[in-house]
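Here's the structure, in structure tokens; my notes come after.
The values are calculated or read from the model by the stated rules, or taken from the named source; none is laboratory data. Note that the structure is predicted; figures quoted are calculated from it, not measured. Cβ: placed from backbone, ideal geometry, glycine included. Neighbour counts: every protein chain shown. Accessible surface areas use protein heavy atoms only, side chains included; no ligands, DNA or RNA. Shrake-Rupley method; radii C 1.70, N 1.55, O 1.52, S 1.80 Å.
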Amino acid sequence: MKKRQVVSIALASAMAASMGLSAAAATDVAATDLAYKGELELMHYSTSEEADGNGGSDAFRTTIANWEAAHPDITLNQNVIANAEYKTEIATLAAADDLPDVFLLQGMNTIAWADQGLVMDLTDTIKASPYYDQYNQAYFTPFTVGDKIYGFPALTGGTCTVVIYDKQMWKDAGFDTFPSTWEDVEKASEYFNEQGITTIAFGNGGQWQANSCFLSTLGNRYTGPEWFSSLIAKDGAAFTDDTFVAALKETQHLFNETKIFNEDFNAVTNEDAREYYISGDAAAFIGGNWDESYIWASLQETDKFDQIGFAVLPQPADATEAPNSQNIGLGYAIAINPKVAEDPDKLAAAIDLAQELTGPAFASYVAENYALGGLTKVDDVDLSGFDQITQDFYNWSYVDTDPCEIYDSYIDSAVWSVLNTDLQTMMNGEMSPEDVAANAQAAYEENYLNK
């Protein structure tokens with residue numbers, strides 16, 4: 001039986017699952033006959049320390065090693081820097097127009113670096129990839145400007161919005177599964193409140209949780225994905241649009257006008273709130289996949305372990321979009337320096353490396369050894385070595401639900417700082433959704449749209 005442990009991973013707000021057995025590659029890299037014989041630069045942050053227990057980094061390093069073995073005539077010069085330092089160093093190199101041949105690109109840098117000609121347009125290359133039909137298309141959004149794509153989304157993704165619920169507690173309330181509508185959740189709250197139990201635990205004490213773990217999924221139910229893509233691309237969408245304001249109104253209603261959530265939701269963190277669920281004081285909890293890993297470890301030796309279930313946010317009555325969505329994403333993509341195109345053979349090698357680091361070799365390894373997913377979908381993953389809860393969460397994360405974007409992974413932190421502060425006030429009933437939207441739009445125009 002493969003075993004998991006709680007570990008930090010490079011993608012903000014994500015956790016990986018590691019196993020007690022030695023990992024082995026599930027799929028070899030393609031034995032492509034490359035004409036290039038020379039040096040190729042690669043810059044990334046999957047250090048050996050990070051790969052110890054980190055599924056994404058372990059798979060990344062393993063796939064790199066396999067690619068090197070398959071192409072002995074190419075010398076791959078790796079510049080491997082820890083994650084925090086990587087962000088600073090890659091920005092410094094970009095400012096000096098001295099980026100390496102192949103590197104990891106953050107979504108928030110895509111538009112600016114594309115405008116500056118620092119990253120290659122890979123649209124046709126990606127569409128011509130032998131793995132294109134297996135790619136999860138939703139992951140390309142943060143690396144797309146207009147109709148052009150500038151990177152192969154890399155490493156692994158984790159959700160920020162999963163409803164974790166106790167199956168038996170909800171059966172006791174009269175529901176065989178977690179409700180698909182907020183109306184039914186309100187009905188269940190009548191039962192739970194009589195029992196002195198919180199229906200759903202949530203913590204927004206750090207302010208970011210309402211945005212990352214709730215609004216970016218609920219908002220997608222009202223706006224659909226095109227709205228946020230337009231916001232990122234500076235293509236006309238606004239925080240003051242009616243559909244987004246409607247999402248804010250529903251958020252305020254659920255937290256301020258119902259008895260669904262714990263009364264101290266704005267005072268406690270998500271770590272505090274998940275303890276309400278672990279202790280049995282709450283019948284469900286909303287958080288991210290890092291919380292799922294912690295809950296998995298905490299309840300493994302208890303009767304509650306087998307009762308763990310997963311669900312998406314219920315659908316609001318007036319929302320018309322994406323009822324099965326949850327926010328998940330890949331925060332980085334493999335990009336190529338346009339200067340590499342000066343040598344067509346070298347460019348072919350760089351493209352082959354990018355394809356393999358995000359293709360079946362990587363995806364199969366990380367799925368079968370860590371129950372995680374990446375850009376390339378893997379059919380019929382053998383998860384039999386994992387416990388049932390891990391299998392269920394893998395399928396919930398990568399197979400059975402529809403991905404949407406995590407708002408605060410993109411645009412500008414100054415915008416989210418304003419929105420997150422106002423959200424907390426609004427959820428207490430002390431600010432109107434319209435004012436929250438207006439303030440967010442002003443911050444968006446000042447810090448992003450007009451830059």
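With 16 Å as the cut-off, how large is the P(r) tail for segment 62-152, expressed as percent of Cα-Cα pairs?
So the portion of pairs separated by more than 16 Å is 63 percent.
Please list, ordered by chain and number, the residues whose modelled amide H lies under 5 Å from the amide H of L34; skip anything fewer than 5 residues away on the same chain.
Amide H to amide H, under 5 Å and 5 or more residues apart or across chains, L34 pairs with nothing.
Hey, what's the Cα Rg ratio for segment 209-282 versus the globular rule of thumb, 2.2 N^0.38 Å?
1.33
Only Cα pairs under 8 Å and at least 6 apart count here; give the relative contact order of the chain as a rounded whole percent.
After rounding, I find 26 percent.
Take L93, L353 and sort them by solvent-accessible surface of the protein heavy atoms, 1.4 Å probe, largest at the top.
L93, L353
Starting from a Cα-only point model with no solvent, please compute log10 I(q)/I(0) by Debye for segment 221-377 at q = 0.14, 0.18 1/Å.
-1.02, -1.24
Rounded to the nearest 20 debye, what is the charge dipole size of segment 158-210 about its Cα centre when +1 sits on each Lys and Arg Cβ and -1 on each Asp and Glu Cβ?
220
Which one, A238, I278, L218, projects farthest toward the positive side of the charge dipole computed for the chain from Cβ point charges (K/R +1, D/E -1)?
I278
With Rg and the Kirkwood Rh both taken from Cα atoms, where does Rg over Rh land for segment 120-245?
Taking Rg over the Kirkwood Rh, I get 1.09.
Treating only the Cβ of Lys, Arg, Asp and Glu as charged (+1, +1, -1, -1), what charge dipole size does segment 251-363 show about its Cα centre? Round to the nearest 20 debye.
Here segment 251-363 has a charge dipole of around 220 debye.
Given Cβ point charges of +1 (Lys, Arg) and -1 (Asp, Glu) and nothing else, what value in debye, to the nearest 20, does the dipole of the chain about its Cα centre take?
340
If you fit an axis through the alpha-carbon atoms of helix 344-358 and take the longest principal axis of the Cα set of the chain, what angle between them do you get, 0 to 90°, nearest 10?
So the inclination is approximately 30 degrees.
Can you tell me what the convex hull of the Cα atoms of segment 293-451 projects to on average, as an area in nm²?
14.7
In Å and on Cα atoms, what radius of gyration and Dmax does segment 113-158 show?
When restricted to the Cα atoms of segment 113-158, Rg and Dmax are 10.9, 31 Å.
Please report, as a whole percent, how much of the solvent-accessible surface of the chain comes from carbon and sulfur atoms (probe radius 1.4 Å).
44
Across segment 127-144, in residue order, what do the Karplus-derived ³J(HN,Hα) couplings come to in whole Hz, using 6.51 cos²θ - 1.76 cosθ + 1.60 with θ = phi - 60° and x for Gly and Pro?
After applying 6.51 cos²θ - 1.76 cosθ + 1.60, I find 5, 8, 4, x, 9, 4, 5, 9, 6, 7, 4, 4, 6, 7, 3, x, 10, 10 Hz.
Skipping prolines and chain starts, which residues have an amide H placed within reach, meaning under 5 Å, of the one on M43, given they are 5 or more residues away or on another chain?
Under 5 Å from the amide H of M43 lie the amide H atoms of N79, V102, F103, L104, each far enough along the sequence or on another chain.
Helix-derived [θ] at 222 nm for the chain: sum -39500 (n - 2.57) over DSSP H runs of at least 4, divide by residue count, nearest 500?
-12000 deg cm²/dmol
Please report the antiparallel percentage of the DSSP beta bridges confined to the chain, to the nearest 5.
60
Could you derive backbone 3J(HN,Hα) for segment 371-381 from the dihedral phi with the Karplus parameters 6.51, -1.76 and 1.60 (θ = phi - 60°), listing whole Hz in sequence and x where the residue is Gly or Pro?
Using θ = phi - 60°, the values come out as 6, 10, x, x, 4, 8, 6, 10, 7, 6, 5 Hz.
If one computes P(r) from the Cα atoms of the chain, what percent of pairs lie at distances over 40 Å?
19
Find which of I164, A128, I64 sits farthest along the positive direction of the dipole of segment 28-171, computed with +1 on the beta-carbon of Lys and Arg, -1 on that of Asp and Glu, about the Cα centre.
Sorting the options by dipole projection puts first I164.
Which order do R61, R274, R221 take when ranked by solvent-accessible area (1.4 Å probe, heavy atoms of all protein chains), largest first?
R61, R274, R221
Please give the per residue accessible area of the chain, computed with a probe of 1.4 Å over protein heavy atoms only, in Å².
Roughly 39 Å² per residue, with all protein chains present.
Cα centroids of segment 340-385 and segment 415-433: how far apart, whole angstrom?
40
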